[in-house]
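Here is the structure we will look at.
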Amino acid sequence: MKQLLTLVVKLQLSDEQQKIVAATAESFASACNTINQTVNPKLTNRNSIQAVCYHDIKKESGLTANHVVRACARVAANRLTAKQKGKKVKSFKPTSFDCDARTFQFFEKDWTVSISTTGKRVKCLIRASNYHRGKLALQTPSSAQICQHRDGEWYAHIQIKNDAPSPIKAKNVIGVDFGRREIAKTSTDKGWDGKHINQVRDKYSRVRSSLQKKATQGTRTTRRRCRQILKRLSGRERRFQQWLNHNISKQIIAEALGSQSIVVIEDLTGIRDRTNSKPRSKTERRRSNSWAFYQLKTFLEYKGIKAGIEVIAIPPAYTSQTCHCCLHMGLRTNKQFKCTNKVCGWIGDADFNGAKMIELWGCSVNQPRGSELLSCAIEPGLPKAPSVLASL
């Protein structure tokens, strides 16, 4: 199995080279916009789009043949993504262009890259850390994307393919429950409190609100200074959340690797649409919509592939309302869960109960016809979770 890894390195371009690269990005974006406007919007296959407009775009844009092919592929990919979301592709900005093995080359000998442009070919040094050097050693990248970041500098997003280890055959399962009070809670009773991240989000929200208000009032100097601070703070909250999710996912995968277990998580797709339909305060809506559960899910999945740990997503229905001891519906109040089964009567942390229930679901997937669900004692005459009944 191949795993695609993207490495972001900074290009050390001269002033002349920057102008050439910027001109190429401008031509690439113009070609994408022309393709999107002139070609039938129903076409989402890159070969079909290329067959219709290749010669015209190559003649008008001044791009190389390979760049025209990549422009057709980008339009097709964006159209397909927009179609899945029920939207339309509006336009393309001149901040990046795609390269393949012929338009982008990496030379390990002197740590330089060669990029094909609308003018002459650009060859420049890259600023690579020890991590990048270790990953790029003895590699021949087959594709890359040249991008201009918010700092105005140009970077190369180099894509390399590595052989991922085969998933381990494990009978052990670690269930992971996602939440806002606790970002993640495992069935081994390890948790990561979400209080700190909520405080950080609330702080940045107050700061942004105050600065945005001042940026529209006061003197010219005050407005300019507020805009400068807003630009400096932009992305800081997102980067903190990303760092936190990286640490959480790394620890979960490391624990699974040490205990030879698979990881089972909840598939929370569409949860924002469901929660936003309920009446809530503005603060609660903001906190819920800034919950980066999907990012944590993707981090777990790609780290799992890299370590040979299988990550399975299950439906979240009734996992937080079902007792993991007897499979009967219980009562959840904030962080407390109480089983209504008189025979069981389990009381404890609600997130831990949810993680244990997710673990049981994982056992039913990982151990068909022999899961721990079948060993749970179920007293007749008491209500049981519908989703659990469906799996028995």
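The values are calculated or read from the model by the stated rules, or taken from the named source; none is laboratory data. Bear in mind the structure is a predicted one, so any value in this text is a computation, not a measurement. Cβ coordinates were reconstructed from backbone atoms using ideal geometry, including for glycine residues, and neighbour counts include every protein chain displayed. These accessible areas exclude ligands, DNA and RNA; they are computed on the full protein's heavy atoms, side chains included. Shrake-Rupley method; radii C 1.70, N 1.55, O 1.52, S 1.80 Å.
Could you figure out which of (1) over 29 Å from the mean Cα position of the chain (by Cα); (2) part of a helix (DSSP H, G or I) isn't true of VAL68?
(1)
Which residue is farthest from ALA184 (Cα to Cα), if the candidates are limited to the stretch 194-235 and must be touching a residue at least 12 places away in the same chain (Cβ under 8 Å) and open to solvent by 70 Å² or more (accessible area, probe 1.4 Å)?
LYS214
Tell me yes or no: at least one residue of the stretch 43-55 is among the hydrophobic types (A, V, I, L, M, F, W, C), assigned to a loop (DSSP other than H, G, I, E, B) and within 22 Å of HIS149 (Cβ to Cβ).
Within the stretch 43-55 (the criterion being among the hydrophobic types (A, V, I, L, M, F, W, C), assigned to a loop (DSSP other than H, G, I, E, B) and within 22 Å of HIS149 (Cβ to Cβ)), the answer is no, since none of the residues qualifies.
Return yes or no: is THR34 within 15 Å of PHE92 (Cα to Cα), surrounded by fewer than 21 Cβ atoms within 10 Å (Cβ to Cβ) and β-branched (Val, Ile, Thr)?
Yes, satisfied.
Quick check on my filter: what residues within the stretch 83-139 are aromatic (Phe, Trp, Tyr) and more than 19 Å from VAL68 (Cβ to Cβ)?
Listed by number, the residues that qualify are PHE106, PHE107, TRP111, TYR131.
Do any strands (runs of 3 or more DSSP E) lying entirely in the stretch 276-345 carry at least 3 residues that are closer than 17 Å to LYS185 by Cβ and under 24 Å from the mean Cα position of the chain (by Cα), and which ones are they?
In the stretch 276-345, 311-314 are the strands (runs of 3 or more DSSP E) which contain 3 or more residues that are closer than 17 Å to LYS185 by Cβ and under 24 Å from the mean Cα position of the chain (by Cα).
Which one of the conditions (1) farther than 24 Å from ILE126 by Cα; (2) modelled with pLDDT of 95 or more; (3) not hydrophobic (A, V, I, L, M, F, W, C) does THR24 fail to meet, given that it meets all the rest?
(1)
Within the stretch 56-65, how many residues turn out to be part of a helix (DSSP H, G or I) and surrounded by 23 or more Cβ atoms within 10 Å (Cβ to Cβ)?
Final tally of qualifying residues: 1.
If you go through the stretch 305-316, how many residues are touching a residue at least 60 places away in the same chain (Cβ under 8 Å) and under 20 Å from ALA355 (Cα atoms)?
Qualifying residue count, the stretch 305-316: 3.
A quick yes/no check of all residues on (1) open to solvent by 30 Å² or more (accessible area, probe 1.4 Å); (2) within 20 Å of the chain's Cα centre (by Cα); (3) on the phi < 0 side of the Ramachandran plot; (4) hydroxyl-bearing (Ser, Thr, Tyr):
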position	(1), (2), (3), (4)
HIS157	yes, yes, yes, no
ALA164	no, yes, yes, no
ASN172	yes, no, yes, no
ASP189	yes, no, no, no
TRP192	yes, yes, yes, no
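Out of the stretch 119-155, which residues are touching a residue at least 60 places away in the same chain (Cβ under 8 Å), in a loop (DSSP other than H, G, I, E, B) and open to solvent by less than 40 Å² (accessible area, probe 1.4 Å)?
Scanning the stretch 119-155 gives a single hit, ALA128.
Quick one: GLN17 ticks every box in (1) touching a residue at least 40 places away in the same chain (Cβ under 8 Å); (2) not in a helix (DSSP H, G or I); (3) not aliphatic (A, V, I, L, M) except a single one, so which number is it?
Here GLN17 clears every test but (2).
Does ILE168 count as out of contact with any Gly (no Cβ under 8 Å at 6 or more places or on another chain) and either closer than 21 Å to LEU360 by Cβ or surrounded by 14 or more Cβ atoms within 10 Å (Cβ to Cβ) (or both)?
For ILE168, the condition - out of contact with any Gly (no Cβ under 8 Å at 6 or more places or on another chain) and either closer than 21 Å to LEU360 by Cβ or surrounded by 14 or more Cβ atoms within 10 Å (Cβ to Cβ) (or both) - is not met.
Which pairs turn up if I take residues in the stretch 42-58 that are polar (S, T, N, Q) and look for partners that are open to solvent by 50 Å² or more (accessible area, probe 1.4 Å) with beta carbon separation below 8 Å, at least 6 apart in sequence or on another chain?
Pairs that qualify, where the first residue is polar (S, T, N, Q) and the partner is open to solvent by 50 Å² or more (accessible area, probe 1.4 Å), are THR44/LEU80; THR44/LYS83.
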